[in-house]
Amino acid sequence: MFSHVTLLLVAASVVTASTPHPLWERQSRTYPEPLKVGPQPLQIWIETYNQAKAAGKIPSFAPATLSGGEPVYASGVDTGEKGVCSWTLAHCFNTNKTGAYDIEDGPTGHVGISFDDGPTPASPVLYEFLQSKNLAATHFFIGSNIVNNPDIFDQAVKSGGHIAVHTWAHKLMTTLTDMQVLGELGWTMQIIHDRAGVVPRFWRPPYGDIDNRVRAIAKEVFGLEHAVIWNHDTNDWCLSEGGGSSCASSDWTPSSDAELDQELNGFYNGPKSPGLIILEHEVTSRSVGAFMRTFPTLISKGWIPQSIPDLFSQPWYLNAAGPSDTPTRGFVVGSGDLPNVNNAAVNLTSSSSSSAVARSSSTPIVTQTRSSAGSSSAAGSSISGQGTATAAAQAAASSKTASGAAMLSSSIFLPVSLMIFVSLRLS
């Protein structure tokens with residue numbers, strides 16, 4: 001009597017089980033153990049790698065070995081630009097503007113605002129501070145920390161932060177095998193895509209450790225064309241949460257909050273060319289606090305603070321130009337099939353004061369107060385001394401927070417409805 005109904009329901013369950021919606025797969029994915037070094041890559045990443053390798057796009061030299069905490073290559077290996085091009089050992093950069101290239105300097109008068117190693121319990125106060133200044137920063141996230149702090153990651157996205165890759169376990173990348181490099185980059189990109197819907201274009205190798213083999217894998221398999229290094233280092237991570245320093249005493253590591261503040265203020269009081277890309281971290285309240293305390297100096301000295309892609313008028317992601325854009329759907333991380341986004345060559349020596357696309361030259365950075373209900377309201381006009389050029393740092397201030405929240409929301413809720421029409425015919 002109900003055989004027709006039964007067949008329809010069975011058929012529906014078979015289709016659902018065999019062809020799950022991609023968003024459902026993303027939301028139910030199992031990730032590697034946090035801090036597992038070089039986790040097993042997905043098969044599709046391996047297949048894309050094999051194709052690039054067969055095409056001669058990935059070098060075949062052996063990884064460096066770890067000795068005394070430093071990467072060491074085999075005897076006779078040229079670590080310079082004519083060889084493996086190691087940043088750690090030879091300060092070698094890839095400056096090929098038409099392919100993968102490294103970024104070290106900002107445009108004259110600009111500061112690339114970025115933070116490593118999040119998300120952590122110290123991060124939320126930083127995100128609130130950045131929001132209060134209508135400022136987007138680049139967050140180089142560790143994949144394992146996203147697993148451990150998913151709600152804080154969501155807050156970074158909702159607040160309009162630019163999300164980038166800092167690997168899964170934070171190891172020296174040149175000492176890892178090709179398969180380990182795939183796992184470190186791939187799983188970090190995957191969890192970012194799964195939670196936020198976006199696919200990163202920018203990454204920072206831990207300790208700046210990169211060579212041409214690692215660069216090629218990042219670019220050819222994952223579309224990570226931009227390894228972002230730095231030209232100033234704070235060593236802010238040395239300051240322990242409970243007080244004191246975890247680093248050996250030296251002339252280049254701060255031993256107190258006052259010393260760290262002095263170091264940052266010294267950078268801001270220095271030459272405007274090249275622009276600054278400072279290595280900072282969101283690992284403790286002390287590292288975050290130093291940035292917030294010295295931010296007024298940055299502004300008063302006339303610097304223009306921006307996220308890394310906005311320094312060069314570049315798209316934020318492989319599948320979205322910026323925080324207000326809906327990410328392109330259907331993208332598969334590590335498939336080699338890159339979406340068509342505006343990917344103009346970066347002018348690494350640009351001194352443009354309007355590098356952020358579609359930013360108004362008359363919109364100042366404003367201070368804001370936050371009500372008890374969590375809403376923001378302008379509490380003042382422009383910050384003293386910033387000048388009109390600082391408007392280039394604004395990420396469409398009036399809509400950035402809302403667009404970040406919308407991006408996260410659209411990536412989480414499944415836009416699928418199933419309608420089954422069943423005709424019952426009694427016999």
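Every read-out reported here was derived from the displayed coordinates using simple, explicitly stated rules and does not represent laboratory data. All figures in this text were calculated on a predicted structure; none of them were measured in a lab. For neighbour counting, all protein chains shown are included, and Cβ atoms are generated from backbone atoms with ideal geometry for every residue, glycine included.
Projected label points at residue 108 and residue 328, each 7 Å from Cα along the beta carbon direction, are separated by 3.6 nanometres. Under 5 Å between amide hydrogens, built in the peptide plane, is the criterion, and for residue 277 it picks out 106, 112, 231, 232 among residues at least 5 positions away or on other chains.
For 93, 141, which order do you get if you count the other beta carbons within 10 Å of each Cβ and list the fewest first?
Details: 93 18, 141 32.
Result, fewest neighbours first: 93, 141.
Evaluating 6.51 cos²θ - 1.76 cosθ + 1.60 at θ = phi - 60° for every residue in the range 230-235, the Karplus couplings come out as 6, 10, 9, 10, 8, 6 Hz, glycine and proline recorded as x.
A cut-off of 5 Å between modelled amide H atoms, ignoring neighbours fewer than 5 places along the same chain, links residue 239 with 246. Ranked by how many other Cβ atoms sit within 10 Å of their own Cβ, fewest first, the residues 256, 313, 132 fall in the order 256, 132, 313.
When the chymotrypsin sites (Phe, Trp or Tyr not before Pro) in the range 228-313 are filtered for DSSP coil states and for at most 12 other beta-carbon atoms within 10 Å of their beta-carbon, the remaining sites are 252.
Calculated FRET efficiency, residue 247 to residue 65, Cβ-Cβ distance, R0 = 30 Å: about 0.75 to the nearest 0.05.
Go ahead and run the numbers for FRET between residue 292 and residue 179, Cβ-Cβ distance against an R0 of 45 Å, rounding to 0.05. Show your work: numbers first, answer last.
Details: r = 41 Å, r/R0 = 0.90.
E between residue 292 and residue 179, to the nearest 0.05, is 0.65.
Annotation for residue 148 and residue 35: the two label points, set 7 Å from Cα along the Cα-Cβ direction, are 0.6 nm apart. Put in order of Cβ neighbour count within 10 Å, fewest first, the listed residues 213, 201 become 213, 201. In order along the range 174-181, the Karplus-derived 3J(HN,Hα) couplings, from 6.51 cos²θ - 1.76 cosθ + 1.60 at θ = phi - 60°, round to 6, 8, 9, 6, 4, 5, 5, 4 Hz, and Gly and Pro are given as x. Enumerate the amide H contacts of residue 202 below 5 Å, restricted to partners 5 or more residues apart or on another chain; note that Pro and chain-start residues carry no placed amide H. Close amide H contacts, sequence-distant or interchain: 165.
Each residue, residue 255 and residue 273, gets one label point 7 Å from its Cα in the Cβ direction; the gap between the two is 3.9 nm. Maximal additional length on extending the residue 78-residue 240 stretch stands at 54.5 nm, based on 0.36 nm per residue less the C-alpha distance.
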